[in-house]
Amino acid sequence: MGPAVVSRKDLARALKDVVGGRVSQVPADRRAYARDLWPRTILALRDGETAPYPPDLIVWPETTDEVAAIIKLAAQRRIPVTPFGAGSGVCGGAAPTRGGIVLDLKRMSRAVSIDADALEATFECGILGDHLEHELARRGLTLGHFPSSIMCSTLGGWLAARSAGQLSTKYGKIEDLALALEVVTGAGEVCVAGREPRGAPGPDWAQLFIGSEGTLGVITRATLRVRPAPEVRLLRGWEFPRVAVGCEAIRRLLQRGLRPAVVRLYDELDSFLHRSSSKGAGDGKSAPHAPTDLELRVEGAKKWLLRSALAYAGPLNSALGALLPRIGGTCLLILGFEGDRELCESEVRVAQGELERVGGKDLGEGPGLRWFDSRYKISFQQSKVFENGAFVDTMEVAATWDRVLDLYAAVRAAVARNALVMAHFSHAYPEGCSIYFTFVSAGRDRADAERRYDAIWRAGMTATLAAGGVLSHHHGIGMSKQKYLPEELGAGMDLLRALKQALDPAGILNPGKLGLP
Amino acid sequence: MTVALARALSEAVGPGHVTREGKSYTVQPGAPPEVAHVLAIARERKVPVMPVGARTHAQSPDGAAAPGKPKPEILLDTRRMTNLLHLDELSLVVHAQAGIEVRALEATLNERGLTLGDFPAETYRSTLGGILAARAPGRATSRLGPIESTCIGLSVVLADGRTVHIKAAPRRATGPDLMRLFLGGEGILGVITAAVVRIQRLPDARIFAAHALSSVDAALDAARQAMRRGARPAAVRIYDGADAHASGLGTGVDAAGALLLASLTGASAIVDAEARVLEAAAHERGGTALGAAPAEKWWSSRGAPASPGEQPHAEARFQVAAPLGQLAAVYRGVRASLLAAGVPCRAYLAHFHEGGGCAYFAFARAEASDAVARESAVAAGGRPADELGVDAPLQAALRTLKQELDPQGILFEGRLA
């Protein structure tokens, strides 16, 4: 099923018949859409290379019918189509690796209907998260979905990758919030998934499109469960001597039926860095000024030190492991409840009792409020690390409680050979939890950095599978993890291929992702 | 041919486990490899197979085939596969084979202070595989959602004998949720052989609340307000005054009014707060608190076994789902149209979540009464639970999916045909 020979010019002409002037084949646009935020491609960009996967064309549809017409046109000509939201994915899922058409959905960003009475809202999928929340907030509602990328990710991207927000423990992940989807299949047919009657035999189609990362259909609209905006938000910090004790505390809370909105347990290193970085935050005294010559030298020295230290990640991790307990390295838990005042206050009372029983120390409101103020900053700090010659990435895995601590230890040990690694536990369920590892490393040069980067992922993913975890909790598979997917899914890969055949027989939708051709 | 088939099946599952039932054979494999073996025999002979459990589903195999379509020749009965494979009390999940009866599983769990949750009584008469394969309406609670959403891991034997294991995880972002191909799939794409499902500790506290209100609308509105504020009751039920009296729960309820019943479970401080939230919502709408007794009575009679001689299918049980905003209209519409057709009916509203709920009607079965109920439910914005309205492109995709996974079409298509 090789691509038919079609010239870019002919294709552009055909697309113009559908969308008018909203087509581009300008080199600057093609470069801009040649990647998402997969850190591995940033290593190349830092080295001065252009992004590796430029599409042939970019199209900006404004209606579902236009999307359907574009896909029909592409299917006839066997041209790859990669749906694109805001491009903040970190696994390469939105990179048009086979060229072809990038379908930028950001012009489809309307709030179609918001029903405060039925607590349902329908949006077009190109809407940015932050805009979606504002539309709801104006009507006293919330979706409760707050990923740190909220200002640079779209509803469609959330659905495609099974996103989780920072308050997912209360509100659920995006798959729990979606009631129905409008989808254009790979054959260019428009369908509605998720409105099947409960008694009808057959799959729950919405849950098959959610997480399909653009390989089975283009999600154009979604109807979501929304909730009244919370009356109160009660945040507190708690301290635990060890990760295991903190996890035990979280498990008990969830299994007693509590649904905190915020549950974030930082391991010793993450807690230490969290404390140091939040010092002085929000005091308004750290006003920026032009750096002096001395400061620039100090910065340069710090960069050099950081890169040198990270090149010896193994010993660095051991040293920190020995040091942290001595300087009183404990674990910080941020716990927050939100919603109705009366119900939240009762939840807080029950939580307090449980946390004290397992040995937690109440740190008051301060740590919680500080976290809240800086909750979206992480999405904007990545480039600073890269600027310093190092690299950073995150690995988010999940398991049932019986495996969570083993999974934590196994992945940490595997990644620590090549990177400085820290973790937090931030999406909790009665039956288990996700673990969010952040790792920082550096290479002598770009080739060395890429080699290390790949080794870290290989070690982390292999350790995850061996410990009985799942490869991803909310970032998705994309390109970065697809090598490991067959081992996780086994014969489930055949199910995925059958779905692909059923929904995208021409094989044009986001090819080369999710382990699919 | 049939003798040869019987012999092959006996060899696959052991001689004592094949019985003739009319024109079909009921086969009870003892383990997943035997399921694969039975499917291999079916492929070789091009004989349709239908997985069955306790056969409590309204779509019983005998009635499942449309006229003129082939009936399943092999009923693959999972009820010998009853092992509880792993009880994980730390994660609160249980891994069990598909043929275990839900009430047997529940009894085992109860002995250890555990439970599946307060699912409606009919859930417990089915097998675990059965309740997962048939997305039967009404098997849901406002606290835990529909029963199939408790499933976090699944094993399935496909038509070609391959086994898919979807490992247990609280949530994942590793592609589509492949379990959803089989949950509610009624065995058309594969045979569920085992599942990992979420369980609960028996709650610290269970309290009951009952409120008399002036109308079904007011009762519904009160329940809705409490849930909007964040209360997550284990179960809520609403009767109109007449049905409350007919059910022996009517003390203190005006015949023209309505009764709101709730069962609340969880940590006691929270349950108390939830009860106050519900009471405030009822009070604001002119309700009167009736104490715990009516709700306790309802709860203890819930799921009482059908009296001897009563045919479970003699009475039509019609269920309609509707958004909360339309539920009262559906309720009134169906009642009124049945009454106009001279069909007396009993009814209640239950299984609420923030967005919707279900209306349940029971009346003498007759084709005419069924059609009347259905028509009026749809007219008022409700969706009958046995409706088969799937989008055409998705229906076509399901056809291809079936072709891909079961090219010989040996897994019986039932209502899909």
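Out of the residues in region A:378-424 meeting the condition of being of a type in the set (Lys, Arg) and touching a residue at least 12 places away in the same chain (Cβ under 8 Å), tell me which one is nearest to A:GLU299 (Cα to Cα). Within region A:378-424, the match that is nearest to A:GLU299 (Cα to Cα) is A:ARG417.
Within region A:196-247, restricting attention to residues that are aromatic (Phe, Trp, Tyr) and in contact (Cβ under 8 Å) with a residue 60 or more places away in the chain, which residue is farthest from A:VAL348 (Cα to Cα)? So that I can check it myself, show each step before the final result.
To start, the set of residues in region A:196-247 that are aromatic (Phe, Trp, Tyr) comprises A:205, A:209, A:238, A:240.
When the remaining residues are screened for being in contact (Cβ under 8 Å) with a residue 60 or more places away in the chain, the result is A:238, A:240.
Values: A:TRP238: 13, A:PHE240: 18 Å.
If we take residues in region A:196-247 being aromatic (Phe, Trp, Tyr) and in contact (Cβ under 8 Å) with a residue 60 or more places away in the chain, then A:PHE240 is farthest from A:VAL348 (Cα to Cα).
In region B:164-175, the condition of being in contact with a helix residue (DSSP H, G or I) (Cβ under 6 Å, 6 or more places away or on another chain), among the aliphatic types (A, V, I, L, M) and surrounded by fewer than 21 Cβ atoms within 10 Å (Cβ to Cβ) is met by no residue. The residue that is nearest to A:SER148 (Cα to Cα), counting only those in region A:459-477 that are more than 10 Å from every other protein chain (Cβ to nearest Cβ) and small (Gly, Ala, Ser), is A:GLY460.
Just one residue in the set B:GLY230, B:GLY252 is in contact with a Cys (Cβ under 9 Å, 6 or more places away or on another chain) and on the phi > 0 side of the Ramachandran plot; that residue is B:GLY230.
On the given criteria, is B:ALA385 within 9 Å of chain A (Cβ to nearest Cβ) and either buried (at least 18 other Cβ atoms within 10 Å of the Cβ) or at positive phi (or both)? Outline the logic, then answer.
Numbers: within 9 Å of chain A (Cβ to nearest Cβ): yes; either buried (at least 18 other Cβ atoms within 10 Å of the Cβ) or at positive phi (or both): yes.
Yes; evaluated as a whole, the condition is true for this residue.
So which residues in region A:480-500 are touching a residue at least 60 places away in the same chain (Cβ under 8 Å) and either of a type outside the set (Lys, Arg) or closer than 23 Å to A:ARG458 by Cβ (or both)? Break it down stepwise before answering.
Step one: of region A:480-500, the residues touching a residue at least 60 places away in the same chain (Cβ under 8 Å) are A:480-481, A:499-500.
Result: A:SER480, A:LYS481, A:LEU499.
Taken over region A:193-223, residues that are open to solvent by 10 Å² or more (accessible area, probe 1.4 Å), in contact with a Phe, Trp or Tyr (Cβ under 9 Å, 6 or more places away or on another chain) and facing chain B (nearest Cβ under 7 Å) amount to 1.
Taking region B:264-284 only, how many residues are in contact with a Pro (Cβ under 6 Å, 6 or more places away or on another chain), of a type in the set (Val, Ile, Thr) and at the interface with another protein chain (Cβ under 7 Å from one of its Cβ atoms)?
Pass one, region B:264-284, residues in contact with a Pro (Cβ under 6 Å, 6 or more places away or on another chain): B:264-266.
If we keep only those that are of a type in the set (Val, Ile, Thr) as well, we get B:265.
Filter once more, so that each one left must be at the interface with another protein chain (Cβ under 7 Å from one of its Cβ atoms): none.
Number satisfying all stated conditions: 0.
Scanning region A:375-413 for residues that are away from chain B (no Cβ under 14 Å), under 14 Å from A:TYR453 (Cβ atoms) and hydrophobic (A, V, I, L, M, F, W, C) turns up A:VAL385, A:PHE386, A:ALA390, A:PHE391, A:VAL392.
Sort through A:GLY140, A:GLY157, A:GLY144 and tell me the only one that's small (Gly, Ala, Ser), in contact (Cβ under 8 Å) with a residue 12 or more places away in the chain and in contact with a Leu (Cβ under 8 Å, 6 or more places away or on another chain). Give the derivation first.
On the way: A:GLY140 fails: in contact with a Leu (Cβ under 8 Å, 6 or more places away or on another chain); A:GLY157 fails: in contact with a Leu (Cβ under 8 Å, 6 or more places away or on another chain).
Just one listed residue meets the conditions, A:GLY144.
Yes or no: region A:98-119 includes at least one residue that is assigned to a strand (DSSP E or B), open to solvent by 10 Å² or more (accessible area, probe 1.4 Å) and β-branched (Val, Ile, Thr). Yes, region A:98-119 contains at least one residue that is assigned to a strand (DSSP E or B), open to solvent by 10 Å² or more (accessible area, probe 1.4 Å) and β-branched (Val, Ile, Thr).
Residue count for region A:157-169, restricted to those that are open to solvent by 20 Å² or more (accessible area, probe 1.4 Å) and either part of a loop (DSSP other than H, G, I, E, B) or more than 9 Å from every other protein chain (Cβ to nearest Cβ) (or both): 2. Only one of the numbered conditions (1) open to solvent by 60 Å² or more (accessible area, probe 1.4 Å); (2) touching a helix residue (DSSP H, G or I) at 6+ places or on another chain (Cβ under 6 Å); (3) more than 26 Å from B:ILE131 (Cα to Cα) is not met by B:HIS37, and that is (3). Restricted to region B:391-412, and to residues there that are under 24 Å from B:VAL52 (Cα atoms) and buried (at least 20 other Cβ atoms within 10 Å of the Cβ), the residue that is farthest from the other protein chains (Cβ to nearest Cβ) is B:ILE410.
For region A:340-364, a residue qualifies if it is touching an Asp or Glu at 6+ places or on another chain (Cβ under 8 Å), open to solvent by 20 Å² or more (accessible area, probe 1.4 Å) and touching a residue at least 60 places away in the same chain (Cβ under 8 Å), and the qualifying residues are A:ARG341, A:VAL358, A:LYS361, A:ASP362, A:LEU363. For region B:76-114, the set of residues classified as assigned to a strand (DSSP E or B) and either modelled with pLDDT under 95 or of a type in the set (D, E, K, R) (or both) consists of B:ASP77, B:ASP88, B:GLU101, listed by residue number. Entry remark, region A:63-91: residues being part of a loop (DSSP other than H, G, I, E, B) and closer than 27 Å to A:SER148 by Cα number 7 in total.
Restricting attention to region A:490-506, the residues being within 7 Å of chain B (Cβ to nearest Cβ), aliphatic (A, V, I, L, M) and part of a helix (DSSP H, G or I) number 6.
Counting just the residues of region A:176-192 that are more than 8 Å from chain B (Cβ to nearest Cβ) and in a loop (DSSP other than H, G, I, E, B), which one comes out surrounded by the fewest Cβ atoms within 10 Å (Cβ to Cβ)?
Filtering region A:176-192 down to residues more than 8 Å from chain B (Cβ to nearest Cβ) leaves A:176-178, A:180-184, A:186, A:188.
Narrowing the set further to residues that are in a loop (DSSP other than H, G, I, E, B) leaves A:186, A:188.
Values: A:GLY186: 26, A:GLY188: 20.
Per the stated criteria, the residue is A:GLY188.
Being open to solvent by 20 Å² or more (accessible area, probe 1.4 Å) and among the acidic types (Asp, Glu) is the filter; apply it to region A:365-415 and report the residue that is farthest from A:CYS91 (Cα to Cα). Taking the candidates together, the pick is A:GLU365. When restricted to residues that are closer than 19 Å to A:MET108 by Cα and either free of Cβ contacts under 8 Å to residues at least 60 places away in the same chain or open to solvent by 20 Å² or more (accessible area, probe 1.4 Å) (or both), region A:73-84 contains 2.
Just to check your reading of the model, which residue among A:ASP10, A:ASP36 is among the acidic types (Asp, Glu), over 12 Å from A:ILE101 (Cβ atoms) and part of a helix (DSSP H, G or I)? Within the list A:ASP10, A:ASP36, the selection yields A:ASP10. Do you know which residues across region B:120-145 are more than 12 Å from chain A (Cβ to nearest Cβ), over 13 Å from B:ARG317 (Cβ atoms) and open to solvent by 20 Å² or more (accessible area, probe 1.4 Å)? Matches in region B:120-145: B:TYR124, B:ARG125, B:GLY130, B:SER142.
The values are calculated or read from the model by the stated rules, or taken from the named source; none is laboratory data. Quick caveat: nothing in here was measured; it's all calculated off a predicted structure. Neighbour counts run over all protein chains shown; Cβ positions are idealised from the backbone, glycine included. Side chains are part of the model used for accessible areas, which takes the heavy atoms of the whole protein and leaves out ligands, DNA and RNA. Shrake-Rupley method; radii C 1.70, N 1.55, O 1.52, S 1.80 Å.
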